[in-house]
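Here's the structure we're looking at; comments come further down.
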Amino acid sequence: LCAAAETALFLDDSERLGGRRFFRCPVCRIIAVGQDDLPDRATERKRYLQHNNDVDDPDYRAFLARLWDPVRLLLSDGATGLDYGAGPGPALVAMMRQDGFVAEGYDPIFAPQTDLLKRKYGFIVCTETFEHMHRPGDEFSRLDGLIRPGGLLGVMTAFAPELEEFENWYYRRDPTHVAFYSAETMKWIAGRMSWRLELPARDVAIFHKPVEQGHSSLL
Ligand SMILES: [Zn+2]
């Protein structure tokens, strides 16, 4: 995330079948697997197709609402949004549209419309996406460029527990989950990007991009 020169080994269970080595950065505090353990695109695609992405499933909608509800309350009518990492079934895009917003979904595997990355948005949402990112520092910079001044970025990813719980944490065992964040990592990101951070619910971070001088809010 921060490109620090050195990271510390956090957990090594690579002796076990499917085990990996996890490192924690002393600067941004992200926990990430090593380069050798990053999955290839075929592995990722196969795994993502097993996800539940049905917009009509009430449990899945309730899950997405943990991010969408607090984000929605911050938006003006007519705000335009992007679901970044929408996956194979763009359920959150459907929910955003049902709530009257203009919304699109981008996904590097399932909906790779790069023209969507040439626009600017009042808000961007990422659910269950950041834990898959091989180069999260680059992704945050890219997202910053896609958000209008005064806009916001909503992120939902399971925050990592400390080591005693991390070892048995189901979330870290998914081979496509390669990066794990905490409130302190989110604070580091906000400081680095000059965004204001809000932590409205468990596993949810909302970043507010400041309105630059001389610009009105275009949210
Ligand atoms: Zn770091």
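Throughout, read-outs are computed from the coordinates displayed, never taken from laboratory work. Please read these numbers as outputs of a predicted model, since none were measured by experiment. Using ideal geometry, Cβ is built from the backbone for each residue, glycine included, and neighbour counts are taken over all protein chains shown.
Note on segment 70-96: residues that are farther than 19 Å from Phe207 by Cβ, out of contact with any strand residue (DSSP E or B) (no Cβ under 6 Å at 6 or more places or on another chain) and assigned to a helix (DSSP H, G or I) total 3.
Being within 19 Å of Arg142 (Cβ to Cβ) and of a type in the set (D, E, K, R) is the requirement here; does Asp99 meet it? For Asp99, the condition - within 19 Å of Arg142 (Cβ to Cβ) and of a type in the set (D, E, K, R) - is not met. Please find, within segment 180-199, the residue that is surrounded by the most Cβ atoms within 10 Å (Cβ to Cβ) out of those that are of a type outside the set (A, V, I, L, M, F, W, C), outside any helix (DSSP H, G or I) and under 15 Å from the mean Cα position of the chain (by Cα). Per the criteria, the residue is Tyr181.
Apart from one condition, Ala79 fits all of (1) within 23 Å of Pro161 (Cβ to Cβ); (2) away from the ligand (no atom under 16 Å from the Cβ); (3) touching a Leu at 6+ places or on another chain (Cβ under 6 Å); the exception is (1). Just a yes or no: is a residue in segment 151-173 within 16 Å of the ligand (Cβ to nearest atom), of a type in the set (Gly, Ala, Ser), within 21 Å of Thr7 (Cα to Cα) and surrounded by 14 or more Cβ atoms within 10 Å (Cβ to Cβ)? Yes; the residues of segment 151-173 include at least one that is within 16 Å of the ligand (Cβ to nearest atom), of a type in the set (Gly, Ala, Ser), within 21 Å of Thr7 (Cα to Cα) and surrounded by 14 or more Cβ atoms within 10 Å (Cβ to Cβ).
Scanning segment 97-143 for residues that are in contact (Cβ under 8 Å) with a residue 60 or more places away in the chain and either part of a strand (DSSP E or B) or more than 22 Å from Ala205 (Cα to Cα) (or both) yields Ile109, Phe110, Gly122, Phe123, Thr127.
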